[in-house]
Amino acid sequence: MAPNNAPALLDLTIDNITPNTNRINSQCKDQRLTYLMERLVTHLHDFARETRLSFDEWMTALNFLVGCGKISDDVRQEFILLSDVLGLSLLVDSINHPKPAGSTEGSVLGPFHTHDAPTLAHGANMASDPKGEPLLCICTVKDTAGKPVAGVKIDIWETDSTGHYDVQHADRDEPSERCVMESDDEGRFWFKGIKPVSYPIPHDGPVGKLLERLGRHCWRPAHLHFMFEKSGWDHLITSLYMRGDPYETSDAVFGVKQSLIVDLDKVDKAAAEKYDIKEGSWLLNHDFVLTSQKETEKLRDEKAVEALGKLGLRMKLVDHLPVPELD
């Protein structure tokens, strides 16, 4: 054996570098990490062999990743943006949070959620943009049996009327167009904001240049972000998209699902008086349906076993995650 009991490497070639890398990584005591690294190395090496990856292309990719790191900070997360535009964010969310029929589907978190949003009372206005078109949102949170879910923490955020999140403004001194609320005993919450607008994702960095090279646009359809949290319930990150938006079918980050496309109405006289908002303002009514953590775990396990079986893999689930089934 080699020093530190590491497996001895063989005479390395194009064909055997992969099993050699996996052999030396197999010293890890964590079954899940060993499996993840084995599959990652295998797919990366197969990609290089299949494409006959050139040295220049490899260095371009490395420099691209370095560029993503350099432009990232607490406000701008270029790697999250990269995951979004590659469709990986939505894929991972869909795998981890499968939804039974009738429940609210998830969408992408995006790179602009913050943890400093103010907690507001029902009916409060979370927007400070005077140029935005007023919007009243009246929502409920229920379970799959139609019963209200009280005490759910709800993060809500959107852009201003120019299509920018507050953190994108250099002179930001406090949160705007975002808030935190809690559903009441009847599962209700309501608030005022502004009508969402289409906007481009940040495209002045490496991800934007990649989209340009790929001939893709950088626009997202108009939407409102929501995140629901309560112990015992599956963590839901989702968005509601305005029907008829020109980018509804070509979202740059693949966030749109048909069940999340909504219609806006107008506030009538009775609602204007009840909710203290101008008659004729935009109105959004929506019922969100949450699933319990147990419901989601059961469905995730079932789908994992089914998917792995189709791939012909002998696996077992440990803490709801697959690892190889060893003889």
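Spin-label model, I17 to E174: label points 7 Å out along the Cα-to-beta-carbon direction sit 5.7 nm apart.
What's the center-to-center distance, using Cα atoms, between segment 289-327 and segment 259-285 in Å? About 42 Å separates the Cα centre of segment 289-327 from the one of segment 259-285. The calculated FRET efficiency for E182 paired with D116, based on their beta-carbon distance and R0 = 22 Å, is about 0.80.
Between A101 and K298, the modelled labels are 1.6 nm apart [label points 7 Å from Cα along Cα→Cβ].
Counting beta carbons within 10 Å around each of R172, R314 and listing the fewest first gives the order R314, R172.
Pairs with C-alpha atoms separated by more than 29 Å, drawn from the list K153/K257; K99/K147; K230/K257; K195/K274; K192/K294; K294/K316, are K192/K294. Of the DSSP H helices in the chain, those with a Cα length along their own long axis of 18 Å or more and a mean Kyte-Doolittle hydropathy reaching -0.5 comprise 55-71. Here K266 is the anchor, and the aspartates and glutamates within straight C-alpha reach of less than 17 Å, apart from those fewer than 8 places off in the same chain, are E133, D276, E279.
Other residues whose C-beta falls under 14 angstrom from the C-beta of L317 contribute a net charge of 0, scoring Lys and Arg +1 and Asp and Glu -1. If only the Cβ of Lys and Arg carry +1 and only the Cβ of Asp and Glu carry -1, the dipole of segment 78-291 around its Cα centre is close to 480 debye. Taking Cβ atoms as reference points and 13 Å as the exclusive limit, the residues near R300 contribute a net charge of -4, counting Lys and Arg as +1 and Asp and Glu as -1. Comparing Cα centroids, segment 15-76 and segment 181-251 end up 30 angstrom apart. Ranked by how many other Cβ atoms sit within 10 Å of their own Cβ, fewest first, the residues H97, H169 fall in the order H169, H97.
If you take the alpha carbon atoms of segment 179-242 and fit the smallest convex hull around them, that volume is 140 Å³ per residue.
Can you give me the relative contact order of segment 78-291 as a percent, contacts being Cα pairs under 8 Å and 6 or more apart? Reported relative contact order: 28 percent. At full extension, L321 and K29 could sit 103.5 nm farther apart than now, given 0.36 nm per residue minus the alpha carbon distance. Which residues among segment 201-220 fall inside the zone where the amide N is under 16 Å from a point 7 Å beyond the Cα of T60, along Cα→Cβ? Answer for this model: 206-216. Which entry in [x] 1.18; [y] 1.26; [z] 0.96 is this structure's computed Cα Rg over 2.2 N^0.38 Å? Label [x] holds the value from this structure. Derived scalar couplings between HN and Hα for segment 145-158 equal 9, x, 8, x, 10, 8, x, 8, 7, 10, 8, 10, 7, 7 Hz in order, rounded to whole Hz, by the Karplus curve 6.51 cos²θ - 1.76 cosθ + 1.60 (θ = phi - 60°), x for Gly and Pro. Counting every other Cβ atom within 10 Å of each residue's Cβ, D268, D129, D185 order from fewest to most as D185, D268, D129.
FYI, it's all coordinate maths here, none of it is from the lab. This is a predicted model, so every value here is computed, not measured. Cβ coordinates were reconstructed from backbone atoms using ideal geometry, including for glycine residues, and neighbour counts include every protein chain displayed.
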